[in-house]
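*Asks:* Take this structure first; my questions come after.
The values are calculated or read from the model by the stated rules, or taken from the named source; none is laboratory data. What you see is a predicted model; the values in this text were computed from it and never measured. FYI the Cβ positions are ideal-geometry reconstructions off the backbone, even for glycines, and counts take in every protein chain you see. To get the accessible areas, we keep the full protein, side chains included, count just its heavy atoms, and leave off ligands, DNA and RNA. Shrake-Rupley method; radii C 1.70, N 1.55, O 1.52, S 1.80 Å.
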Amino acid sequence: MESRLLSDVPPDDVQALRAISRRRSFAKGEVVFHRDDPGDSLHLIVKGSFAVRIMTPLGETVTVAVRGPGDHFGEMALADPKSRRSATVAALQPSMTMAIYYGDFDRLRTRHPQIDRVLTAFLVGEIRRQNELLLDALYVPAERRVLRWLAELAEMYADDDGV
């Protein structure tokens, strides 16, 4: 479970998360969950990539993020058992995640209250990401944002030789 978000989490806590996580495989184009589905799990991406999409009020589908190995999605599900998904997530290629379900996580945090550090790290990481996106949208020219996004996608899809 190589997640950038867990890089500062104590090894024992990461091991506890590994113990409760479940491997999930997705085919290209397969939907992990739809917007407004019940939020029941966090996904740590092990392999592949996923598109995070929302529907605009005009009915257009917009990809708001592409996430790859080391990234995650669905973290709000661990904070609130009544949460609903805020976007639709689909695999862009054959992919694999390690899913952590709310019930398993809640039992773990009951036994080990310090595991809440992990949840806090997930939520803080997402707030930081959203703040950066907002600043970009408000102050960075569209051409520069597109170039940055293309560079990120090229890095995500690069083979072992960097091509």
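*Asks:* Once neighbouring chains are kept in place and the probe is 1.4 Å, which whole percent of the accessible area of segment 80-119 is contributed by carbon and sulfur?
*Replies:* 54 percent
*Asks:* In a Debye calculation with equal point scatterers on the alpha-carbon sites of segment 23-89 and no solvent, what is log10 I(q)/I(0) at q = 0.16, 0.17 Å⁻¹?
*Replies:* Listed by q, the Debye log ratios stand at -0.53, -0.60.
*Asks:* Report, in degrees rounded to the nearest 10, the 0 to 90 angle that the Cα long axis of helix 116-139 makes with the longest principal axis of the chain.
*Replies:* Once rounded, the angle reads 10 degrees.
*Asks:* Still on this structure, I have one more. Just to confirm the number: angle between the C-alpha axis of helix 142-157 and the first principal axis of the chain, 0 to 90 degrees, nearest 10?
*Replies:* 50 degrees
*Asks:* Select from Asp104, Asp71, Asp136 the residue whose mean-square fluctuation is largest in a Gaussian network model of the chain (Cα-Cα springs shorter than 10 Å).
*Replies:* Fluctuation is largest for Asp136.
*Asks:* Let me ask you something else. P(r) for segment 92-163: what percent of alpha-carbon pairs falls in each 5 Å bin, starting at zero?
*Replies:* 3, 12, 12, 15, 15, 15, 14, 10, 5, 1
*Asks:* Let me ask something additional. Could you point to the residue in Thr110, Ala137, Phe73 farthest towards the positive end of segment 65-143's charge dipole, with +1 and -1 charges on the Cβ of Lys/Arg and Asp/Glu respectively?
*Replies:* The residue sitting most towards the positive pole is Thr110.
*Asks:* Still on this model: Among residues other than Thr61 whose Cβ falls under 11 Å from its Cβ, what is the net charge (Lys/Arg +1, Asp/Glu -1)?
*Replies:* Around Thr61, the charge tally is +1.
*Asks:* Using a 1.4 angstrom probe with every protein chain in place, what is the largest-first accessible-area order of Leu123, Leu108, Leu138, Leu133? Present the calculation step by step, with values, prior to reporting the outcome.
*Replies:* Details: Leu123 55, Leu108 5, Leu138 110, Leu133 85 Å².
My answer, sorted largest first, is Leu138, Leu133, Leu123, Leu108.
*Asks:* When the C-alpha atoms of segment 42-138 are aligned to their principal axes, what extent does each axis show, in angstrom, from largest down?
*Replies:* 45, 33, 24
*Asks:* Same structure again: Mind pulling the angle between the C-alpha long axis of helix 11-20 and the longest principal axis of the chain? Nearest 10 degrees, somewhere in 0 to 90.
*Replies:* For 11-20 against the chain, the angle is about 90 degrees.
*Asks:* Moving on to the next point. Treating each Cα of the chain as an identical point scatterer and ignoring solvent, apply the Debye formula and state log10 I(q)/I(0) at q = 0.12, 0.13, 0.16, 0.18 Å⁻¹.
*Replies:* -0.57, -0.67, -1.00, -1.24
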